[in-house]
Amino acid sequence: MRLFLVLFIFPFFLFSQDNIEWVKTEGEITEISSFRAGRTLRWLAHVKYKVENGDVLEGSVEIVRLPIIGGLQSVGDVITLSYAKNNPAILKTVEGLFIFKYGMYFLIAAGIVLSFNAMRRKKPKGTVDSDNEPGLNS
């Protein structure tokens, strides 16, 4: 067991990328494009943003796209994003992180709740509804 921890778990924490310092800024969407990754359609927003030293850079971030509704942002919108302080070319959006991380869990939970309610309302075969029996409520 110790060998497993030393060989697999410890290097994971040693070389983790979580120590990146992120800087929040605002960027203007200049173009929106889409691409297919496997079975899903993803949208990229090409943005212009200003870094701490005053330089204006261009980059791309993935934006939220809801099925049926579509994208929530359009060209010309200002969005909040974060860039890595030591490498400003690495970007991530702030608004969409919650939906990307936890959206599928909420959909699964909603499906379980709706299925449970439907199963609870379903009556077993062979039961008689006493309200609709003739002659009992006359």
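Coordinate-derived values only; no laboratory data. Every value quoted in this text rests on a predicted model; they were computed, and no experiment measured them. Cβ coordinates were reconstructed from backbone atoms using ideal geometry, including for glycine residues, and neighbour counts include every protein chain displayed.
How long are the semi-axes of the ellipsoid equivalent to segment 20-95, from square roots of 5 times the Cα gyration tensor eigenvalues, in whole Å, largest first?
23, 13, 10
Quick one: dipole size for segment 20-95, taken about the Cα centre, charges +1 on Lys/Arg Cβ and -1 on Asp/Glu Cβ, in debye to the nearest 20.
Taking the Cα centre of segment 20-95 as origin, the dipole is about 380 debye.
Given an 8 Å cut-off on Cα distances and at least 6 residues of separation, report the relative contact order of segment 20-95 as a percent.
Relative contact order of segment 20-95: 35 percent.
Tally Lys and Arg at +1 and Asp and Glu at -1 over the other residues with C-beta under 10 Å from the C-beta of Val23: what net charge comes out?
0
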